[in-house]
Every structure is written in structure tokens, then in C-alpha cells.
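Read-outs: derived from the displayed coordinates by stated rules, not from any lab. No experiment lies behind these values; they were computed from the predicted model shown. Here Cβ is always computed from backbone atoms with ideal geometry, including for glycine, and neighbour counts include all displayed protein chains.
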Amino acid sequence: MKKLMTGNIAVSYGVMLSRAEVISAYPITPQTTIVEELSEMCSDGRCKAKFIRVESEHSAMACVAAASATGVRVFTATSSHGLAYMHEMLHWTAGTRLPVVMVNANRAIGSPWNIWCDQGDSLSQRDTGWLQLYCESAQEALDTVIQAYRIAEAVLLPVMVLVDGFFLSHTSEPVDVPDQKAVDRFLPPYRAQYKLDPADPHTFNIMADPSIFIAFKQDAQKSMEAAKKVAARVDREFKAQFGRGYGLLEKVRCADADVILLTMGTAASTAREVIEEYRKKGKKVGLCRLRMFRPFPSRELVKVLSGAKKVAVLDRDNSLGAGGILAQEVKAAFYGGASKPKVFEFVAGLGGKDITPETIGDVIEHTLNNASPGGESIWMGVQE
Amino acid sequence: MNAKELVNEYLSSGHGCCPGCGMPIVMRHAFQALGGRTIAVITAGCFGTISGAFPTSPIKLATYNTPFASTGAAASGVRAALDMKGDFETSVLAVAGDGGTFDIGIQALSAAAERNDDFIYLCYDNEAYMNTGIQRSSATPWGAWTTTTPPTNLKNQPKKDIVQIMAAHRVPYVATASIAYPEDFIRKIKRARETRGFKFLYVFSPCPVGWRFSSELTIRIARLAVQTNLFPLYEVEEGERYVLNEDPGGVPVEEYLKLQGRFAYLREGDMERIQENVDREWKRLMRRVEGS
């Protein structure tokens, strides 16, 4: 059944259909409507979860992590400063190997205050041990939440689903809401392999001394690597059952492209249109939308991009002193390989600045018209 | 208490407590009174640190360690998960020291109390950050030495009144307890287990290393704290009804202070000042007891 809904409402439907059992969250713009919708769903019985209204994001993550350790399926959502406030608990949750699913509505982190979209909040959490899946549409957000539980519960690592604040969280589109029975077939009830159980008492998160700590981390690294295959398989199975699949990345006219634009999230929707305009003009331009950022699918990405002469990376984030985070990862992925397209780095859309067709046009023009990147990121649309 | 009650041990030897530490005595009593159908939520602090190292643990209960600021929130999560499974029998016991309760953990604690989530929160108070090596906390008493309140700059603020803070949340049950009065302590744990909603147990936990006393004096010092009226044993129901459990008559507080090296730097008149404060606080408590 198709319904008109925003990205945040679509997320809430995904959580309801996944039969989350404990939900805990703290409101923050632009995530708040997820919390509100889930509160409604839990109050009127559509969602049979216990909703714990905590006093902070740190507590939200602590609460769902402990609930997950007790053996139930859990959910939380946040944005920006809330995600930053969770930072300690993000590490803890991943380290405890808990299959927590969270949606983060991407929003810039202050100072100065800003409530609008960029991806610096989640990308700066890239080393916390969470999978990261960036969505482009409300439909994809709903579907990805359901997929995220399958992936998390298979690899025992938490999954962060990202939706661009306002551009996706607050804009409406028709969304096909899957049938509950179909979702139940795809996502069986969570059976925890390890859980807090008075009948079989064990201690979680005890001190691991220098002789053993590194082994825990290597084990998690192996699981994170395995998550690429698991996520790809889960997506294929989802497509087989629901007719929609997204892959670890999406290719648009990449096969013969001289220039490929690489980005994540909703900027890809605008880029799609611009790419077609260039194709009409006979320019061989393609688009690659990266959906999975952690684990970083280096091999898959290199395979797609290595046919191009130039890659234009459009980052909606910036690591001060190092440049766009996606660009850094892409360059690292190519290092040591046979084929190395020239990587042009662009920073755009920070703090909610629109990435318009003109912005993307300027990015492509610059990449087409320059033989080599200058060595520094080019910042788009900065007011002097 | 009889020998039978000591049979069910849930804290075995092999923990890393200092000799004479009051805290493992607190935990033994708490675990024994609650029994095996309990999930413990532990945070950073002395108890989090002594509870073994991978792959062994001296705690024979299902136990979850959570970071410092999050004890209240994590216990709420465990409770919610048990409720969703229809398990209303298992008790959830959150454990934190004075640092994890008075200071870094008070936000999540206050929120869990305000929600009246159904678990027992036990604070063992050793009156400073002992796990990191004796730094002052907001539970450190006036005039005490710590490594961050050296002799030239002793703690110059009174101890935060955590019992009043928790009682002000109007939770079903708040009680103080002492390892020198185990029958009273165990009765209170059992009462907390039978009470639905949020329960706060505040237990005095002498620290030989941090308080600078000889390790055989732990119970004596715990008892003196009660006998001097410095740590009264009482209960608060629904934030309103105060019940006094011991009325020892008031041994001079000097008897308690002089056994501890942390009070060795008090100047002339300080003992009297502390005594006056104890007397004032006791009267305040008596007014509450008589008024309820």
C-alpha cells in the first residue's frame, strides 16, 4: 500500500514493521518527528514496544544497549549534537557487539548553531564501530531500517541508518509500506546468541587486559569486513521479496563515463538530473551514489570508478585540516592499485546550504575543464 | 541473620578489593538478600574495577557493565527488556559509588527515578573517587583530606544530601543502610525487592585506604558513623513518610573522626564545627520523622 509520508515517518513505519521491542530516544531537530510518531505508535498499540523517554541521548544509547544485551530488538534515533553526545556509548555498544539499529537525521554540528543538513555529524563517528548506510529516499529509509536489523543481528554490530536532515527527513513522497506478514517472513524474531539471563549468568563488558583486548578488536574487525557480504546478501533477498534493492552503492551511467561524480544521500537525486543533461550534450558523465560508508566497500568502489579518467567527490562534510571525508577514503581505496583516476575534491552544502543543479553543474564543469585537481578541496558556494 | 542466609553466595573470592574494603561486604549482603533471580548493572568505579578480569568474574549474577554516566539509563533498559519478555520476577540492581551517583551519574539517576522505573539503585558511598586514588567528590565531607583537597586546601563544602535529592523525586522507597547493621540492611533490600517502582538504597562504605584507617576498623567505623548520628539509618516512603530505624543517642563525633587520618588536618574548632553540623542535621531529620 502506498502512502504519502516524510522520511522520518517512513523510518517510524520501518521500526514498527521490524517489531522493535524497546525504543528509547531524546528529541532533537530534525529527528524529532521520528520520536513523536513512534510515541504515537507505541501509545495506540500499533507498535508493541516499550518506549522509554530518557533525559539525554547518552542515556538513550545506554538504555537501548542494555535492553539489547537483555535479548530484545531495540531502536533509537538522533541527530547532530545528540549523536555527538552519544559518542562514548557508540563505542560501547559496538564493543559489546549489540545489534542496535539507530537512525540519524544528518545535521551540522555547531558551533555556530545550525539545525540544517550536513553529514559531518555521522561521518565524524566513523571510527566507533557502527555500520553506516546513507539513504536517498523515504522508501529507501523504510526499507533500510528493516534490512539493518537483519544485518546487525547477523554480524553482531550496530547499524546507523542515515537520512539527510529536512531534505529527506521532512519532505514527503509516496512510500510503499510493506505488509507486516511479508516483513515477518524477511525478518524473523530476534534470538540473542548471548544475553543477560539469570538462569545462565554471565558478565558483559568485564575488564580485558592488554593480553586479550586486541583480540576483541580484531574479532570485531573481521565481523565488520564480513558485513559487506552480509549487507549485499540481505539487500538481494530484500529485492527478491519486495522488488526493491539498493546495493552497497548505486551506479548511474558509470560504465562508459569519463567523469564520475561520487556522493552520498540526497545530493544524488539532484545529480541524477544534471548527469542526464550532460549526457544529452554528449558528455560522458556518470554518477555513483555510495550507500554503505562503513564498512567502506573499497573493492566495489574501485571497480566502479577505475574505468573513469576523473572522479569528482562531492562531500557534504569536512574534516578540518584534512578535507572531505569521503574524498580521503576514496583516495585511500585507490592507493596501491593499478588504475588511479584523478580525484577532484569538492566540499558543498555544509549546514544546509542547498546543493542545487547549478552547484553540481559547476562541480562537473570544473572537473571536465581541468586536467588535474589542484591538491586542495574546492569549496562550493561560499559567500565572501 | 543466621548461617543459612550466608549459604547463597553470589560474590566469591577472587575480587580485587583492598583489604578491609567495606564495599564487598555491601555487595555480599545485597546479592544474598536479592538472590540469583537478579541482573546487576555495574558502572565504572571501585566495584566495576574489582569485579574480575576476562575471562573470570567473582560475581555469580548476570551482570552488565555500563559507562560511568549511564547506570540509571542502562538499568531502565534491562528492566524494559525483561518486562517485554513478561519477566516481572527478575530484580534489576544498579550499583554505583558516590562518584557514579552524586556526580557523573546523577542525570541518568534522576531521570530513572522521575520515570519511577522498577529497579533498585544501590549507592555505596566511600566519600571520594577512590578507584582513581582518593580525589574529592561531592560526597566528601567538610574538612576531609583527599589528593585533590590537600592539607593546605581541605574540602570546604558540606557533603551533598543525596537522600533528600532522591526523596524529592517522590519515589516509593529510599533508605540508608550500613554494613555494621546487617539485619537492618538485608531487611531494606528485601523490602526494596518487594516494592514496585524506583528504589534508592544508600549504603555507607568505609575505605581504609582513602580514609587512612587500619583495615580491621571497617565495621567499627561504619558503626560509629551511625552511633554519632553522622550517618542516620532511616527510610523515606513516597518522599514523605520518614521512619528512623536506629536512635543511638549520639556518641561525640570526635570518636569517629579521630580514627581516620583524612581528618588529621582539622584545625582548632573544626571538631566542634562538625559536631554542630551533625547535631543540626539530626534535628532536621527528627523534625521530618516527627512530622510524618
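Brief remarks on what is shown
- Calculated FRET efficiency for the pair A:ASP44/A:GLU173, C-beta based, R₀ 25 Å, to 0.05: 0.55
- Applying the criteria of a DSSP loop state and at most 15 other Cβ atoms within 10 Å to the trypsin sites (Lys or Arg not before Pro) of segment A:280-363 yields A:LYS281, A:LYS283, A:LYS309.
- Here chain A is treated as a Stokes sphere of Kirkwood radius computed over C-alpha pairs; at 37 °C and 0.692 mPa s its diffusion coefficient rounds to 155 µm²/s.
- Between helix A:213-242 and chain A there is an angle of about 80 degrees, using the helix long axis and the longest principal axis of the Cα atoms.
- With only the Cα atoms considered, segment B:1-150 has a convex hull volume of 131 Å³ per residue.
- Footprinting exposure proxy for A:PHE167, A:PHE75, A:PHE51 (fewest neighbouring C-beta atoms within 10 Å first): A:PHE51, A:PHE167, A:PHE75
- Relative to the longest principal axis of the Cα atoms of chain A, the long axis of helix A:357-369 makes an angle of roughly 50 degrees.
- Exposure here means at most 10 other Cβ atoms within 10 Å; with GluC sites (Glu not before Pro) in a DSSP loop as sites, the longest stretch of chain B lacking them is B:90-267.
- In loop segments of segment A:214-268 as defined by DSSP, the trypsin sites (Lys or Arg not before Pro) with at most 16 further C-beta atoms inside 10 Å of their C-beta are A:ARG244.
- Overall dimensions of segment B:3-291 by Cα: Rg and Dmax, Å: 18.1, 61
- Amide H within-cut-off set for B:GLU238, under 5 Å, with H built and near neighbours excluded: B:TYR173, B:VAL174
- In this simple spin-label approximation, B:PHE54 and B:ASP270 carry label points 7 Å from Cα along the Cα→Cβ vector, and these lie 4.5 nm apart.
- Crossing angle, helix A:325-334 versus chain A [Cα axis fit, 0-90 degrees, rounded to tens]: 70 degrees
- Calculated mean residue ellipticity at 222 nm for the protein assembly as shown: -11500 deg cm²/dmol, from DSSP H runs with n ≥ 4 weighted as -39500 (n - 2.57), summed, divided by the residue count and rounded to 500.
- Kirkwood Rh and Cα Rg combined as Rg over Rh, evaluated for segment A:295-367: 0.98
- Measuring max minus min along each principal axis, the C-alpha atoms of segment A:249-379 give extents of 35, 34, 28 Å (largest first).
- Orientation-averaged projected area, Cα convex hull of the protein assembly as shown (nm²): 33.6 nm²
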